[in-house]
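Read the structure below first, then the notes.
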Amino acid sequence: TGSFGRVRLVRHTKYGRVYALKMLSKAVVLRTKQVEHIMSEKRLLTDIAFPFIINLYGAFQDEKYLYLTLEYSIGGEFFTHLRRAGKFSNDTARFYASQVLRALLTSCAARTLVANTNVARMLRLQK
């Protein structure tokens, strides 16, 4: 249980694969003015593919909830561990910060590469 909803363990009926289904209450998201926050979370998870960042497999909604289908990971959320520890040692903080930065840089580099490749193709077509 979190601020906006719950995370449930779900299983794909046909393939048996296990996922974490994050269920966010639309009413709570709106009331707490977290729409942009949730949209940013979805956008980032869609853009980033990195070993230490949970993968987003899909998103959908109904009248009451927003749903994010996420990779299931034993161990829980980062902030749960931070809350429990109070604060991390410098080495632990450095490790987590470096992994987040690497994930963001990898994502940005991939987008730049795709954009540059598309521009190069367009330039070749105009010649």
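Throughout, read-outs are computed from the coordinates displayed, never taken from laboratory work. Model, not experiment: these values are computed from the prediction.
In whole Hz, what ³J(HN,Hα) sequence does the stretch 16-28 give by Karplus (6.51, -1.76, 1.60; θ = phi - 60°), x for Gly and Pro?
With the stated coefficients, the stretch 16-28 comes to x, 5, 9, 9, 9, 9, 8, 10, 10, 5, 4, 4, 5 Hz.
Can you run phi through the Karplus equation (6.51, -1.76, 1.60; θ = phi - 60°) for the stretch 56-68 and list ³J(HN,Hα) in whole Hz, with x for Gly and Pro?
Listing the rounded values in order: 9, 9, x, 9, 7, 8, 10, 5, 9, 10, 9, 10, 10 Hz.
Could you work out how much longer the chain between Arg102 and Phe78 gets when fully extended? Use 0.36 nm per residue separation minus the Cα distance between them, nm to one decimal.
On the way: separation 24, 0.36 × 24 = 8.64 nm, distance 1.65 nm.
Here the segment from Arg102 to Phe78 would lengthen by 7.0 nm.
What are the extents of the Cα atoms of the stretch 28-89 along their three principal axes, in Å, largest first?
So the extents along the principal axes, rounded to whole Å, are 42, 27, 18.
Taking amide H positions as placed 1.01 Å from N in the peptide plane, with prolines and chain starts having none, which residues 5 or more places from Gly5, or on another chain, fall under 5 Å of its amide H?
Sorted by chain and number, the residues that satisfy this are Ser25.
Suppose the chain between Lys33 and Arg94 were pulled fully straight at 0.36 nm per residue; how much longer would it get relative to their current alpha carbon spacing? Walk me through the intermediate numbers first.
Details: separation 61, 0.36 × 61 = 21.96 nm, distance 3.15 nm.
18.8 nm is the gain from fully extending Lys33 to Arg94.
Only Cα pairs under 8 Å and at least 6 apart count here; give the relative contact order of the stretch 1-52 as a rounded whole percent.
Values: 35 pairs, mean separation 13.5, N = 52.
So the answer I get is 26 percent.
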